[in-house]
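Okay, structure first, notes after.
The values are calculated or read from the model by the stated rules, or taken from the named source; none is laboratory data. Since the model is a prediction, treat every value here as computed from it, not as a measurement.
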Amino acid sequence: MPRLEPKEEAHVTVQPVEELLTVELVPGDPSKITKIGSKMKEDVRDQVVNCLRKNKDIFAWTPQDLEGIDPGVITHHLNLDPAIRPVNRKSDTSDLRKIKSSKER
């Protein structure tokens with residue numbers, strides 16, 4: 001069996017498409033915050049903030065807030081067959097070219 005060398009991976013960092021605003025869902029409690037987009041109209045932003053604040057009790061702020069929730073709802077599983085051997089797929093150089101060209105723009 002040939003020895004597999006580690007591939008050089010392109011490091012892509014995901015960035016928000018716009019500046020984000022920090023919103024305290026419980027005014028005066030900096031531990032209960034979320035972020036929203038900054039480009040929405042002021043009246044829409046006020047509606048979003050009001051909706052989030054009105055429903056602040058549905059957020060899980062601590063692990064204890066998750067007690068009683070079926071783990072199947074919050075657990076991710078990969079559907080893999082252990083009888084099938086993994087295969088290294090050939091690197092697609094077009095992906096790297098797309099990443100490089102997007103960085104140059």
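Within the range 76-105, if we keep just the residues that are part of a loop (DSSP other than H, G, I, E, B) and either under 25 Å from residue 31 (Cα atoms) or of a type in the set (D, E, K, R) (or both), the residue that is modelled with the lowest pLDDT turns out to be 105. If you take the residues of the range 41-75 that are under 20 Å from the mean Cα position of the chain (by Cα) and outside any helix (DSSP H, G or I), which of them is modelled with the lowest pLDDT? Per the stated criteria, the residue is 75.
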